[in-house]
1. Contact list please: Cβ distance under 6 Å, first residue in the range 39-54 and free of Cβ contacts under 8 Å to residues at least 12 places away in the same chain, second residue part of a helix (DSSP H, G or I), pairs at least six apart or on different chains.
2. Name the one entry in 100, 85 that is hydroxyl-bearing (Ser, Thr, Tyr), surrounded by fewer than 19 Cβ atoms within 10 Å (Cβ to Cβ) and in contact (Cβ under 8 Å) with a residue 12 or more places away in the chain.
3. Here is a list: 117, 153. Which entry is touching a residue at least 60 places away in the same chain (Cβ under 8 Å), in a strand (DSSP E or B), farther than 30 Å from residue 63 by Cβ and open to solvent by less than 70 Å² (accessible area, probe 1.4 Å)?
4. Against the definition (within 30 Å of residue 158 (Cβ to Cβ), among the aliphatic types (A, V, I, L, M) and open to solvent by less than 40 Å² (accessible area, probe 1.4 Å)), how does residue 55 come out, yes or no?
5. Identify, by number, the condition in (1) within 30 Å of residue 126 (Cβ to Cβ); (2) touching a Pro at 6+ places or on another chain (Cβ under 9 Å); (3) open to solvent by less than 60 Å² (accessible area, probe 1.4 Å) that residue 72 doesn't meet.
6. Give the residues of the range 73-96 that are in contact with a Phe, Trp or Tyr (Cβ under 6 Å, 6 or more places away or on another chain) and assigned to a loop (DSSP other than H, G, I, E, B), sorted by residue number.
Amino acid sequence: MPGIKETTPGRWRQDAGRTYDDFVVGHVYEHRPGRTITEADNVWFTLLTMNQHPLHFDAAYAAGTEFKKPLVNSCLTLSIVTGMSVADVSAKAIANLGWSAVELIAPVFVGDTIYAESEVLSKRLSLSRPGQGLVTVRTRGLKSDGTAFLVFERTVLVPIRD
């Protein structure tokens with residue numbers, strides 16, 4: 001059965017993630033489930049990371065801005081969107097090699113439900129690590145109405161299927 005493997009007779013384990021062989025350039029993976037952002041998410045993350053910009057947690061301050069209400073911390077949305085992509089992109093990764101071309105396209109507010117999708121841009125065998133390959137994806141964060149709010153590229157090192 002795909003995604004499930006028998007570890008010993010009668011004992012089964014979910015097998016998440018993709019190996020190098022499973023990625024196809026041009027394919028798009030829709031990541032589910034989505035996530036509705038709460039006020040607690042935004043305030044806790046903002047304070048935990050010591051981001052003191054009042055636009056994230058001071059409603060009176062935010063009311064005087066063009067947004068008229070607090071913005072969700074963009075580092076939180078980057079983290080959630082990356083997390084949404086893990087099952088499809090990097091659950092088998094040996095290493096996350098980095099993010100690039102991060103663009104914040106539209107604001108996210110408390111109450112917005114967000115989704116993500118990743119398109120495979122490229123893949124190549126590792127020149128220095130036999131049995132492994134590099135995969136680069138472009139991931140987009142999308143609001144429930146389809147509005148893109150975030151896009152980034154990420155490269156991961158993954159094993160070749162045994």
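1. 54/61
2. 100
3. 117
4. On the way: within 30 Å of residue 158 (Cβ to Cβ): no; among the aliphatic types (A, V, I, L, M): yes; open to solvent by less than 40 Å² (accessible area, probe 1.4 Å): yes.
The answer is no for residue 55.
5. Here residue 72 meets the rest and fails (1).
6. Matches in the range 73-96: 73 only.
The values are calculated or read from the model by the stated rules, or taken from the named source; none is laboratory data. Not measured: the values here are computed from a predicted model. Using ideal geometry, Cβ is built from the backbone for each residue, glycine included, and neighbour counts are taken over all protein chains shown. Side chains are part of the model used for accessible areas, which takes the heavy atoms of the whole protein and leaves out ligands, DNA and RNA. Shrake-Rupley method; radii C 1.70, N 1.55, O 1.52, S 1.80 Å.
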